[in-house]
Amino acid sequence: MVAPALALGPAVAAHASTTAVPAAAKCNVEVDSAGKYHVWGEGFPAGTTVTYSGSSSGSVPIDKSGRFDLGGLTGAKYVVKTADGKTTVTCASVHY
């Protein structure tokens, strides 16, 4: 009777170890076809708001997937910060 109980333990532990860990927050910026800047990020807490600062500043809501997307901005350097101040991310420049 002890063997079935032991078999259940490793199965449960193995299942728990495969649980996805949230991705680290990151942010990117690129120039769009109109010469404006496009800033987007992912890995932020869903349902919250982040502030962005740089050549433009403001706030943007995070969707249920942990993402945000802004277009039509000026300037290539941005920093994004969560409302609780625990996460600050400098946006990486992306060139295609």
*Using beta carbons and a limit of 7 Å, which pairs, at least six apart or on different chains, have the first residue in segment 30-46 and surrounded by 12 or more Cβ atoms within 10 Å (Cβ to Cβ) and the second one basic (Lys, Arg) and part of a strand (DSSP E or B)?*
Gly41/Lys26; Glu42/Lys26; Gly43/Lys26
*Within segment 75-84, is even one residue of a type in the set (A, V, I, L, M), at pLDDT 95 or above and touching a Gly at 6+ places or on another chain (Cβ under 6 Å)?*
yes
_Checking His38 against (1) closer than 12 Å to Cys27 by Cβ; (2) at pLDDT 95 or above, only one condition comes out false. Which one?_
(2)
*Tell me which of these Pro45 doesn't satisfy, since it passes every other one: (1) under 14 Å from Val89 (Cβ atoms); (2) modelled with pLDDT of 95 or more.*
(2)
*Among what's in segment 26-84 and is among the acidic types (Asp, Glu) and in a loop (DSSP other than H, G, I, E, B), pick the residue that is nearest to Tyr96 (Cα to Cα).*
Asp32
*Counting just the residues of segment 57-66 that are loosely packed, with under 14 Cβ neighbours inside 10 Å and of a type outside the set (S, T, N, Q), which one comes out nearest to Gly35 (Cα to Cα)?*
Gly58
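The values are calculated or read from the model by the stated rules, or taken from the named source; none is laboratory data. What you are looking at is a predicted structure, and each value in this text was computed from that prediction instead of being measured. Because the Cβ atoms are built from the backbone with ideal geometry, glycine has one as well, and the counts that use them run over all protein chains shown.
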